[in-house]
1. If you go through region 60-86 one residue at a time, how many are among the acidic types (Asp, Glu) and in contact with a His (Cβ under 9 Å, 6 or more places away or on another chain)?
2. In the list ASP70, ASP58, ASP15, ASP51, which residue meets the criterion of being surrounded by fewer than 13 Cβ atoms within 10 Å (Cβ to Cβ), modelled with pLDDT of 95 or more and charged (D, E, K, R)?
3. Where in the chain are there strands (runs of 3 or more DSSP E), lying fully within it, with 3 or more residues that are touching a residue at least 40 places away in the same chain (Cβ under 8 Å) and touching a strand residue (DSSP E or B) at 6+ places or on another chain (Cβ under 9 Å)?
Amino acid sequence: MLFRRSPDVACRTVDGQAVVVVLERQHLHALNGSGSWLWDTLGEDAFTVADAATRLRDRFGITAEQATRDATRFVSELVEQGALREVAE
C-alpha cells in the first residue's frame, strides 16, 4: 500500500517537533522527535510502510523489526487522524 499526506493538512515544525493540523476535522496531532523527522523526510511523496521503516532504521540505527513497528504505528495513527491517506499504486 502507498500512502501520501492528505491534501487537507497543514504542518508547522517548531523546535524539532511537528504539529500536524487536519483542517477538515480541526484536529491537531503533535509528533515526537522521530515522527517529526519522518514526516519532514517523507514530504509530499507517496511511500510504503517499508519505505518509512527503512528511513527510520538508517537514521536512528534501530533494528528492522523495531523500525517496522514504529513505521506501522506512525502510518496507522496518521491515517486514523486523517493526516495520511492511502493512494493507488
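1. Of the residues in that region, 1 qualify.
2. Going through ASP70, ASP58, ASP15, ASP51 in turn, just one is surrounded by fewer than 13 Cβ atoms within 10 Å (Cβ to Cβ), modelled with pLDDT of 95 or more and charged (D, E, K, R): ASP58.
3. Correct list: 2-5, 84-87.
Yes/no matrix, rows are residues, columns are (1) more than 10 Å from the chain's Cα centre (by Cα); (2) over 15 Å from LEU2 (Cβ atoms):
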{"residue": "VAL21", "(1), (2)": "yes, yes"}
{"residue": "HIS29", "(1), (2)": "yes, yes"}
{"residue": "LEU38", "(1), (2)": "no, yes"}
{"residue": "THR41", "(1), (2)": "no, yes"}
{"residue": "GLU44", "(1), (2)": "yes, no"}
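The values are calculated or read from the model by the stated rules, or taken from the named source; none is laboratory data. Remember, predicted model here, so these are calculated numbers, not experimental data. Please note: Cβ atoms are built from the backbone with ideal geometry, for glycine as well, and neighbour counts cover all protein chains shown.
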